[in-house]
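The values are calculated or read from the model by the stated rules, or taken from the named source; none is laboratory data. Since this is a predicted model, take the numbers as computed values, not measurements. Reconstructed Cβ throughout: ideal geometry from the backbone, glycine too, with neighbour counts over all protein chains shown.
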Amino acid sequence: MAYDFTRRHFFFGSLLAGAVPSAGFGSVPSLRALGYKSPNEKLNIASIGAGGKAASDISGCSNENIVALCDVDEVRAAGKFKQYEKLPKYKDFRKMLDEQGANIDAVIVSIPDFMHATAAMWCMERGKHVYVQKPLTRTIWEARQLQEGANKYRVASQMGNQGYSNEGTRQAAEMIWAGEIGNVTEVHAWTDRPIWPQGLTQIPASEPVPNTLDWDLWLGVAEKRPYTSGGPDYKSTIGGYFYQPANWRGFYDFGCGALGDMACHILGAPNLALQLGAPSSVECIQKEGPSDFMFPAKSVIRYDFPARGSMPPVKLFWHDGLKETPTIPGVPEGELLGDLPYARRPEGAPPPPTPPRTGFVGNVFDYEKYQAITNAAEKRVPPPDGSLFIGDKGMLTTGTYGEATRLIPVEKMADYHFPPQVLTRSPGHYRDWIRACKGGDPACSNFNVAAPFVEWMLLGVIALRVEGKLEWDAAKMRFTNNSEANKYLKPTFRKGWSLT
């Protein structure tokens, strides 16, 4: 059956009912307060974080004015610090906001998960628009605080889950709403993360803090602990040592594990297409490598969502720590799911020409190109990341960021025509946010969309720490059957730090 949605429902989603201010975010009154005369005027953007993912976030906004940088790690930030050598630079974002606030319109927050909420709230309270990297926050309470803050201070917001801007994410929603695979009752999503250490059981001996790192500022709201790199035995494939600059994702106190890294991408299409809202329960049904202070090395989590309007109840399974795409009953043998393989470029051959702009973000599935790649003598198989929707009339799969959306079996795509477009299309995830900052429509993953999405994802993070099925009451923000689990809904803050 096809689902009956209005165009307003398509754009804002049921989660936004009554939540969007009448003037929108980044509306004319707030622009005037910042001194804008035209949406064509450039924003003055600061960044909390300059190395790692922050570097690409800064590059994504480089057509605007980058006016200040902050990073606690001089080595990690060296590239951007050199590129913007004349800009003021800081290690403490609080000092940056105090000294440069009058010259800042908007701020990128791209630092470890546990510091997102505090940094973002400090910015929003000062009237600064914010782009906050996924998974937005480490805890559910913080996610709700950021949603309330963005509405209260009337700032434009965006979570850094770029798949929400992808054409394939919108196609998946439109295909499902058009009834292409019937009533969806089951979803699977999977990833090869973690690619950093998880499931460790011992903390290495402490070491002196490098003079290029402010360890106390890096810890921020978290409890104090000795610094350690762990040495080369703990170096991960993404270049981090025991805690930082990259392995923090695996620690309960700092990150959200594989879910925090990839769920906001891979589960974006299911969240939008199925209008998931809040689940009734969540349970970790399988895990390997338990630890007292880290997430497990591998896990499977089950979420159960009740009926939503005309949509039936749906069970959703999250698989992480995989070496290959999971085997899912009902999928034809040999069928490729999620991300597609791509042809190897012959050694010495020039890169292919940049394709012309097509008016949408991401790769749209092309059956002829798919055949050419799968029949190629040499092809590179991507890591296992993707999702699968199972309906009573068929199946649909998407890639990591919602790209290459297609029906299963893939032969159904040979002469397939996508349904008419009913969702607005994105100009790009950064441009979407920048446009909102200048008075345009709310960004596609603004906090009224992102916070409820992140909230149900973070329930899985808690399920990794507490045994058994957890029954969730979203209205009261509590688990009804497990007091231990409720302890993880809100963080504790080290003395001298707070959310505001």
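No other residue among D366, D432 is at pLDDT 90 or above, within 30 Å of D261 (Cβ to Cβ) and loosely packed, with under 15 Cβ neighbours inside 10 Å apart from D366. Kindly establish whether T185 is among the polar types (S, T, N, Q), assigned by TED's automatic domain parsing to the domain that holds P312 and in contact with a Pro (Cβ under 7 Å, 6 or more places away or on another chain). Here the answer is yes, as T185 does meet what is asked.
Taking R144, is it modelled with pLDDT of 95 or more and either under 18 Å from the mean Cα position of the chain (by Cα) or acidic (D, E) (or both)?
When the stated conditions are applied, R144 passes them.
Does any residue of the range 305-315 turn out to be assigned by TED's automatic domain parsing to the domain that holds M395, over 24 Å from K487 (Cβ atoms), in contact with a His (Cβ under 9 Å, 6 or more places away or on another chain) and buried (at least 17 other Cβ atoms within 10 Å of the Cβ)? Looking for residues that are assigned by TED's automatic domain parsing to the domain that holds M395, over 24 Å from K487 (Cβ atoms), in contact with a His (Cβ under 9 Å, 6 or more places away or on another chain) and buried (at least 17 other Cβ atoms within 10 Å of the Cβ), one finds none in the range 305-315, hence no.
Among T492, T480, T400, T405, which is without any contact (Cβ under 8 Å) to a residue 12 or more places away in the chain and among the β-branched types (V, I, T)? Let's see the steps before the verdict.
Working: T492 fails: without any contact (Cβ under 8 Å) to a residue 12 or more places away in the chain; T400 fails: without any contact (Cβ under 8 Å) to a residue 12 or more places away in the chain; T405 fails: without any contact (Cβ under 8 Å) to a residue 12 or more places away in the chain.
The conditions single out T480.
Scanning the range 453-480 for residues that are of a type outside the set (A, V, I, L, M, F, W, C) and assigned to a helix (DSSP H, G or I) gives E455, G460.
Check the range 326-346 and report whether any residue there is assigned to a strand (DSSP E or B), modelled with pLDDT of 75 or more, under 28 Å from the mean Cα position of the chain (by Cα) and closer than 29 Å to G179 by Cα.
Kept after step one, since they are assigned to a strand (DSSP E or B), are these residues of the range 326-346: 342-343.
Then keep just the ones that are modelled with pLDDT of 75 or more; that gives 342.
From what is left, the residues that are under 28 Å from the mean Cα position of the chain (by Cα) are 342.
When the remaining residues are screened for being closer than 29 Å to G179 by Cα, the result is none.
No: zero hits.
Residues that are of a type in the set (S, T, N, Q) and at pLDDT below 95 were ranked within the range 170-201; the one that is surrounded by the most Cβ atoms within 10 Å (Cβ to Cβ) is Q198. Would it be correct to say that I462 is over 28 Å from R225 (Cα atoms), hydrophobic (A, V, I, L, M, F, W, C) and not assigned by TED's automatic domain parsing to the domain that holds E148? Here the answer is no, as I462 does not meet what is asked.
Of the numbered criteria (1) among the acidic types (D, E); (2) crowded, with 21+ Cβ neighbours inside 10 Å; (3) not assigned by TED's automatic domain parsing to the domain that holds L97, the one E142 fails is (3). With the requirement that a residue be within 11 Å of A450 (Cβ to Cβ) and of a type in the set (S, T, N, Q), what does the range 134-169 give you? Residues satisfying the conditions are T137, Q147, S157, Q158, N161. For the range 146-161, the set of residues classified as over 23 Å from Y303 (Cβ atoms) and either assigned by TED's automatic domain parsing to the domain that holds F365 or out of contact with any strand residue (DSSP E or B) (no Cβ under 7 Å at 6 or more places or on another chain) (or both) consists of E148, G149, N151, K152, Y153, R154, listed by residue number. May I ask you to list the residues in the range 102-140 that are out of contact with any helix residue (DSSP H, G or I) (no Cβ under 9 Å at 6 or more places or on another chain) and touching a residue at least 24 places away in the same chain (Cβ under 8 Å)? N103 - this is the single residue of the range 102-140 that is out of contact with any helix residue (DSSP H, G or I) (no Cβ under 9 Å at 6 or more places or on another chain) and touching a residue at least 24 places away in the same chain (Cβ under 8 Å).
I'm trying to understand the selection: among the residues of the range 122-145, which are in a loop (DSSP other than H, G, I, E, B), within 23 Å of I45 (Cα to Cα) and not polar (S, T, N, Q)?
Restricting attention to the range 122-145, the residues satisfying the condition of being in a loop (DSSP other than H, G, I, E, B) are 126-128, 134-139.
Among the residues that remain, those that are also within 23 Å of I45 (Cα to Cα) are: 126-128, 134-137.
Across the range 122-145, the qualifying residues are R126, G127, K128, K134, P135, L136.
Against the conditions (1) crowded, with 17+ Cβ neighbours inside 10 Å; (2) not assigned by TED's automatic domain parsing to the domain that holds P290, R478 satisfies every one except (1).
In the range 365-416, what count of residues is obtained for those that are of a type in the set (D, E), over 19 Å from Y342 (Cβ atoms) and either touching a Cys at 6+ places or on another chain (Cβ under 7 Å) or part of a loop (DSSP other than H, G, I, E, B) (or both)?
First, the residues of the range 365-416 that are of a type in the set (D, E): 366, 368, 378, 385, 392, 403, 411, 415.
Filter once more, so that each one left must be over 19 Å from Y342 (Cβ atoms): 392, 411, 415.
Next cut, either touching a Cys at 6+ places or on another chain (Cβ under 7 Å) or part of a loop (DSSP other than H, G, I, E, B) (or both) only: 392, 415.
Going through the range 365-416 one residue at a time, the tally reaches 2.
Being assigned to a loop (DSSP other than H, G, I, E, B), of a type in the set (S, T, N, Q) and under 30 Å from Y252 (Cβ atoms) is a property that holds for S445. Count of the range 174-212 residues, restricted to those that are in a loop (DSSP other than H, G, I, E, B) and under 24 Å from the mean Cα position of the chain (by Cα), is 9.
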